[in-house]
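Undergrad: The structure is given below, and queries will be raised subsequently.
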Amino acid sequence: MVVAKSRLLVAGVLAVGGAVVGPGVSAQAVALPPGVVQLRDSEVCPMNSLCLYRDYGRRGPAYAVGAGYSVSLKDLPVGAGTAANNVSSWVNNTNSMAVLVDEQAAQARGLGAHVSLEEPAASNDTVDLIQWAV
Ligand SMILES: [Ca+2]
């Protein structure tokens with residue numbers, strides 16, 4: 001059931017992204033999406049945020065996503081690339097279940113409220129979208 005719902009969510013996100021992406025792409029590349037703030041290496045995850053870290057142990061380039069904000073990790077710069085397919089460590093410091101979506105595999109996983117996760121090898125560096133359970 002979760003996977004079926006996620007496919008609908010992914011389709012919706014892709015449709016929205018297709019409408020938004022256009023001549024303004026270069027300007028959007030600088031600004032972070034709404035609800036997102038950059039964290040310092042190893043910074044503690046703020047309250048009411050879902051935090052993602054490039055490296056295991058909550059290290060490396062990192063971002064905090066406010067509860068309820070759906071975000072494409074492709075919009076979060078990490079080095080020369082982005083956070084898409086590039087996250088190893090998560091902290092859900094919200095009261096909501098986050099949904100971690102892998103577009104390529106068309107799969108989604110829930111990350112419960114106040115749950116942290118060090119990615120197992122099989123799902124390391126796979127997430128592309130953050131959604132929220134409703
Ligand atoms: Ca992926």
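Quick note: the coordinates plus some simple rules give every number you see, no bench work behind them. Remember, it's a predicted structure, so these values are computed and weren't measured experimentally. Please note: Cβ atoms are built from the backbone with ideal geometry, for glycine as well, and neighbour counts cover all protein chains shown.
Undergrad: Within 13 Å, Cβ to Cβ, of Ala62, how many net charges do the neighbouring residues add up to if Lys/Arg are +1 and Asp/Glu are -1? Before the final figure, lay out the partial values.
TA: Numbers: positive: Arg40, Arg54, Arg58, Arg59; negative: Asp41, Glu43, Asp55.
Taking every Cβ under 13 Å from that of Ala62, the sum is +1.
Undergrad: While we're on this one: Quick check: net charge around Val37, other residues with Cβ under 14 Å of its Cβ, Lys/Arg +1 and Asp/Glu -1?
TA: Result for the local shell: -1.
Undergrad: When every alpha-carbon pair in region 20-134 is counted, what percent end up more than 25 Å apart?
TA: Here the tail beyond 25 Å accounts for 13 percent of pairs.
Undergrad: Taking neighbour counts of Cβ atoms within 10 Å as a proxy for exposure, in what order, fewest first, do Met47, Met97 appear? Write out the running numbers ahead of the final one.
TA: Working: Met47 10, Met97 15.
Taking fewest neighbouring Cβ atoms as first place, the list is Met47, Met97.
Undergrad: Direction-averaged shadow area of the convex hull around the Cα atoms of region 90-134, nm²?
TA: Reported value for the Cα convex hull: 3.0 nm².
Undergrad: Please report the net charge: other residues with Cβ closer than 10 Å to the Cβ of Asp128, K and R +1, D and E -1.
TA: That sum, taken over residues with Cβ under 10 Å, equals -1.
Undergrad: Based on the alpha carbons, how large is the Rg to Rh ratio for region 63-113 when Rh follows Kirkwood?
TA: Using only Cα positions, Rg/Rh for region 63-113 is 0.95.
Undergrad: Moving on to the next point. For the residues Tyr63, Tyr69, what sequence is obtained by ranking on other C-beta atoms within 10 Å, fewest first?
TA: Final ranking by Cβ density, sparse to dense: Tyr69, Tyr63.
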